[in-house]
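The values are calculated or read from the model by the stated rules, or taken from the named source; none is laboratory data. Every value quoted in this text rests on a predicted model; they were computed, and no experiment measured them. Note: ideal-geometry Cβ built from the backbone for every residue, glycine included; neighbour counts use all protein chains shown. When the accessible area is computed, the model is the full protein with side chains, heavy atoms only, and any ligands, DNA or RNA have been set aside. Shrake-Rupley method; radii C 1.70, N 1.55, O 1.52, S 1.80 Å.
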Amino acid sequence: MFQSQDPSKVGPVRSARQSDLNYLPALHAILAHVGASESVTQMVRGAAKSGSFVDIDEFQHADAFERVAGKVAPYNAYTSGSKIRDAAGDAGRARVDVPVLGFNSSVGKAVGKEATSLAIPYTGAGKVTYAFDAAVGSFHRTQGGQATMDADAKKEVMPDNVVVIKTEVKEIPGTADVTGAPSVDFRATGTGAVVILREGKRFDGTWTRGGTSDMYRFADSAGAPIPLKPGLTWIHIVPDDYDLAG
């Protein structure tokens with residue numbers, strides 16, 4: 001998700017997922033994607049007819065995407081903020097009001113503990129780890145033992161905040177894409193456990209979200225809001241049974 005800044009080049013762009021529908025209407029977003037399974041394509045196109053978001057699918061807007069050399073399909077589809085906005089027409093240039101996450105340079109009354117690292121035990125995609133770098137005030141990120149890199153800028157992607165939302169997650173039968181990866185859906189409203197990292201501290205608390213037109217709110221065990229540091233934020237949504245002790 002890009003907000004406040006448009007990317008000059010972004011990709012690889014992949015297929016849409018049913019879970020995207022949990023957020024698109026609230027964000028009044030432009031969804032850029034390369035197709036989807038048949039059932040998810042029907043869901044996305046049907047939901048877009050409400051006008052709450054704009055659907056930009058490569059199979060309908062080929063000019064908004066390019067296939068780059070040096071990468072194999074389906075990992076070679078790229079686009080840019082300007083191309084997507086042009087494809088969306090007037091809606092792509094309109095200003096919209098969206099519910100926002102809570103950002104603040106200070107943590108306020110939220111209580112956390114010193115924690116300079118966190119591991120998220122993904123299996124198929126490889127374990128993800130975060131390690132705080134006090135010199136720059138953000139986190140090194142690795143996946144499967146490899147640093148997460150911005151290939152275009154040739155530098156590490158180092159988030160200022162890491163948010164791990166726990167909830168019920170389920171695979172949806174019959175929604176696999178061309179690589180065999182299924183869509184998943186998850187409970188995106190209500191409440192649940194959350195772990196937040198910022199500035200070398202870990203905050204264990206609760207997430208709440210009233211409805212699909214709302215944004216997440218985070219609070220510590222005493223109910224104090226947990227604000228995010230202004231900057232790049234990486235959000236994970238993981239099953240309830242994931243062990244985040246490390």
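Annotation: amide H of G192 within the under-5 Å range of W207, sequence separation 5 or more or interchain, hydrogens built in the peptide plane. Comparing mean-square fluctuations of V96, V13, V111 from a GNM of the chain with C-alpha springs under 10 Å, the top value falls on V96. Of the residues A188, A69, A26, the one that moves most in a GNM of the chain with alpha-carbon contacts below 10 Å is A69.
Considering only beta bridges that DSSP places wholly inside the chain, some 75 percent are antiparallel.
Ranked by the mean number of other Cβ atoms within 10 Å per residue, highest first, peptides 165-172, 194-201 order as 194-201, 165-172. Building the convex hull from the alpha-carbon atoms of the chain and averaging its projection over directions returns 13.7 nm².
Extension gain for D241-S39 works out to 69.9 nm (0.36 nm per residue, less the C-alpha to C-alpha distance). Accessible area per residue for region 31-123 is 59 Å², calculated with a 1.4 Å probe on protein heavy atoms, without ligands, DNA or RNA. Our helix-only sum for the chain, with -39,500 (n - 2.57) per DSSP H run of n ≥ 4 divided by its residues, gives a mean residue ellipticity at 222 nm of -2500 deg cm²/dmol.
Summarising the amide proton neighbourhood of F103: residues at separation of 5 or more, or on other chains, whose placed amide H is nearer than 5 Å comprise L228. For the residue pairs K9/K229; K9/K113; K83/K229, alpha carbon separations beyond 28 Å are given by K9/K113; K83/K229. When the solvent-accessible area of the chain is split by element, carbon and sulfur atoms take up 53 percent of it, the probe being 1.4 Å.
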